[in-house]
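Data block below; observations after.
The values are calculated or read from the model by the stated rules, or taken from the named source; none is laboratory data. Here the structure is a predicted model, which means the values were calculated and not measured. Note: ideal-geometry Cβ built from the backbone for every residue, glycine included; neighbour counts use all protein chains shown.
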Amino acid sequence: MTRLIAAAVLFAAGAVSANAHATLETTEAAAGSTYKGIIRIGHGCDGEATLKLRGKIPEGVISVKPMPKPGWTLETVTGPYAQAYDYYGTSLTEGVTEIVWTGDLPDDWYDEFVFRGTLNAGFEPGSTVWFPVVQECANAAERWIEIPAAGQDPHDLASPAPGVVILPAATN
């Protein structure tokens, strides 16, 4: 029984630390695939409600469309890509570079913010694509924007950006 209780305590501690960051629900996706990103927010800023969530879209993630949230306003920032990307025979040279949701998420509530986009087929399998996220509150902010150096464990960072590990492209 003691082992069972100890295991439950360890599991609960792991669940709390997993909620301590902005995370993505799906953390692996194939190069060249459509990716549904679900940003999970488990707390506010030092007890304050989250009033704005900003998600940076990395280079190579194209044709991005966010999902509206009832009660929240939605804004997208667009800009040029560093290179042109083929999107079903069309050359895309610009697109969404940031998504901004503005609303009110109390500190003791959890929510998810959704978008979809296409992961460039040129992403190297095994690499990670990072999606920096900033939570803004009335008097503070949580900046989940740290990107690990090559070989560095993201868990060693205080405020790691959520990431997606690229899998090999699907073959037909």
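With the requirement that a residue be assigned to a strand (DSSP E or B) and closer than 19 Å to THR97 by Cβ, what does segment 147-172 give you?
Across segment 147-172, the qualifying residues are GLY163, VAL164.
What single numbered condition from (1) at pLDDT 95 or above; (2) over 22 Å from THR27 (Cβ atoms); (3) of a type in the set (Phe, Trp, Tyr) fails to hold for PHE123?
The failed condition is (2).
Can you pull out the residues in segment 116-146 that are of a type outside the set (A, V, I, L, M, F, W, C) and assigned to a strand (DSSP E or B)?
Hits for segment 116-146 are ARG116, GLY117, THR118, THR128, GLN135, GLU136, GLU142, ARG143, GLU146.
Output the number of residues of segment 46-96 satisfying the condition of being touching a residue at least 60 places away in the same chain (Cβ under 8 Å), among the hydroxyl-bearing types (Ser, Thr, Tyr) and farther than 24 Å from GLU136 by Cβ.
Residues meeting the conditions: 0.
Look through segment 19-57, keep the residues that are surrounded by fewer than 17 Cβ atoms within 10 Å (Cβ to Cβ) and among the acidic types (Asp, Glu), and return whichever of them is farthest from MET67 (Cα to Cα).
Top of the filtered list is ASP46.
Among the residues of segment 129-172, how many are in contact with a Phe, Trp or Tyr (Cβ under 6 Å, 6 or more places away or on another chain) and within 23 Å of TRP109 (Cβ to Cβ)?
Selection size over segment 129-172: 4.
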